[in-house]
Every structure is written in C-alpha cells, then in structure tokens.
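Right, one structure below, let's go through it.
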Amino acid sequence: MKKYSTSGIVFIAFFLAQATAYTQTINWNNIHNNRQLVHASVGAEYGLVFGVGYSYKLTDNKFPLVATAEYSFPSGSTLTDDFKTKIGGQLRLAQLGDFRFAVKAQGVFRRYENDLVRLANWGVDCSGTIGYYRPRWFAGAEAGFDKAIATHFKHSHQYREEYPEVKDGWYEPATGGNFYYGLQTGISFKRYDLTLKGGNILAQDFKSKPILPFYAQLGCNFRIGSLGEK
C-alpha cells in the first residue's frame with residue numbers, strides 16, 4: 001500500500017460524506033408477521049440520493065435477526081458512476097414493553113469519481129437504535145460510525161498533468177470515518193411503512209464536519225411474505 005498526501009485525505013472525507021447514513025429504517029413492532037421487506041428511499045446528503053434495498057428475517061425468536069442488502073446512488077447525469085452498496089444485518093437485542101434496542105453491522109463498498117480521481121473503498125458501518133415502537137407508528141434515536149478501511153485511488157490524466165509524481169494504488173492508513181447521529185420516525189399501515197430520519201454527521205476526530213453536516217431520508221417499506229413461507 002502507498003501513503004498519500006493531505007489531498008488524498010480530503011478526497012476520502014468528501015467521499016465518506018456522501019450517503020453516509022443511508023440505511024433501511026424498521027418498525028420493530030410490526031415485522032413479526034412478515035419475513036421479507038423491500039424498501040426505497042430518497043434523501044439529502046451533498047445532493048439528492050436515491051436508495052433501494054431488500055431484507056429477509058432470518059430468525060423470529062427472542063432476538064429477531066434481519067439480513068439486509070442495500071444500494072444507493074446520487075442524482076446526476078450518469079447514475080452508475082457513483083454508488084454505495086451495503087450487506088449485513090440488523091439484530092434486535094433488547095425489548096422492554098414497547099421500547100426496543102437494535103444494532104446493525106454492514107460491510108460497505110462504494111465508488112466515487114470526479115474529474116481528478118476515481119475512488120473505490122471497502123469499509124464497515126455499525127450503529128445502534130433505541131426507540132418506542134407501536135404497530136402503527138414509532139419514534140427513536142440512532143447513532144453510528146461509518147469507517148473507510150481501504151481506499152483505492154485511480155488518478156485522472158488531468159490530475160497527473162498537475163502532479164506527475166502521483167501514484168495510483170491503495171491508500172494507507174485507514175484514516176477516514178464519520179460518526180452520525182439523529183432521530184427517526186414512521187407510520188405503518190397495511191403492508192407499508194413510511195419513514196423519516198435525519199441528523200448530523202461528524203468526522204472521527206470529533207472536530208471537523210462536512211460542508212453540509214447533516215442528512216435526511218424519506219423512505220417506504222413494503223412487507224411481503226408471511227412467516228412460514230420460504
């Protein structure tokens with residue numbers, strides 16, 4: 001691996017600020033009758049971000065475990081040049097009356113490209129959510145950390161003309177990461193959940209913030225398949 005200059009860190013910081021907190025929002029009080037969930041969302045993080053995903057409930061015992069796969073991308077002239085994928089799961093760890101506490105862990109792969117560089121990154125996103133969940137509505141708070149573990153740089157011809165000594169390769173060490181925290185709420189009816197979440201983003205040094213240090217996401221879940229169906 002190669003060590004990069006401050007400009008590399010700046011690229012990663014901007015890279016991470018995009019779609020940091022996109023993820024599915026679950027009403028933990030109404031998924032007990034359904035095994036599968038598909039969802040779509042639109043959000044604001046350095047622009048308009050769209051997302052789709054699929055979840056499958058693996059266990060329905062005292063600790064429900066939901067496997068998830070998600071894909072999000074920003075709006076733009078070329079929709080496939082920048083994107084973010086997540087694969088992992090959400091686990092409800094505790095329940096006290098209508099209060100629930102759940103945790104999430106996902107592996108992340110994301111790609112970002114501009115006129116200067118193309119970045120490809122592997123990372124991990126972990127978070128916890130605590131809230132009050134009723135069958136028809138819920139409200140809670142979330143906090144998480146999105147860490148860029150390894151990032152590959154492919155510089156453009158334009159960048160090389162300005163900095164001919166630059167090298168392509170994997171960035172070292174893994175210094176990029178963002179904390180995020182906020183609130184989420186939603187209403188549930190029939191097989192649908194309409195969800196809304198928003199909050200702030202803070203860099204891992206607890207000092208710096210992105211240019212737009214907030215996120216917002218409006219989502220819709222559709223529950224399909226009842227327990228007993230495979």
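The values are calculated or read from the model by the stated rules, or taken from the named source; none is laboratory data. Just so it is clear, the model here is predicted, and its values are computed rather than measured. Note: ideal-geometry Cβ built from the backbone for every residue, glycine included; neighbour counts use all protein chains shown. Areas reflect the complete protein model, heavy atoms only, side chains present, ligands, DNA and RNA absent. Shrake-Rupley method; radii C 1.70, N 1.55, O 1.52, S 1.80 Å.
With unit charges on the beta carbons (Lys and Arg positive, Asp and Glu negative) and the dipole taken about the Cα centre of the range 125-223, which residue among GLY186, SER127, ALA148 sits farthest to the positive side?
Comparing the listed Cα positions along the dipole, GLY186 ranks first.
Separation of the range 108-130 and the range 181-201 by C-alpha centroid, Å?
23 Å
Given the Cα-Cα distance of TYR163 and LEU58 and 0.36 nm per residue of separation, how much length would full extension add, in nm?
Value of the extension gain: 32.7 nm.
How much area per residue is accessible in the range 51-188 when the probe is 1.4 Å and only protein heavy atoms are counted (Å²)?
50 Å²
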